[in-house]
Amino acid sequence: MYEHHIDEMTKAIMKRAINTFVLNSNPEIDQHIREALFSYWHDKIAIVWTVEDVQEYARENHADGIKLTDDQAREILNDVFDNTSAEYGISWETIDSYICDYIREVS
């Protein structure tokens, strides 16, 4: 897990905790969460694909410079997640295939 993913997860947890428990932002709590996340991910890996990855790929690699909304890109990512075999993994080719499928469905 890249450090920026840990940072993003920490921020998301703190934001939810502050809103839920009416906490003040606290660097000490932030550090504990960050350490817990690093500890959890210490012996694991995860390949992260984002909405921005899908949007950028569609914009740069399709003839019409397709502009996908966040919701559309999220739907494509969910389809990839739900229907791709871990045996083969996910590549840019996989993302492209699902973008093409999505475009055909909505056309």
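Annotations for the structure displayed:
- In segment 57-74, the residues that are over 15 Å from R104 (Cα atoms) and touching a residue at least 60 places away in the same chain (Cβ under 8 Å) never reach a residue that is among the aromatic types (F, W, Y) and crowded, with 16+ Cβ neighbours inside 10 Å with C-beta atoms less than 6 angstrom apart, at least six apart or across chains.
- For segment 30-55, filtering for residues that are under 28 Å from A73 (Cα atoms) and surrounded by 14 or more Cβ atoms within 10 Å (Cβ to Cβ) leaves 7.
Where a number appears in this text, it was derived from the coordinates with a stated rule and is not lab data. Here the structure is a predicted model, which means the values were calculated and not measured. Glycine also receives a Cβ, built like all others from the backbone with ideal geometry; neighbour counts cover every protein chain displayed.
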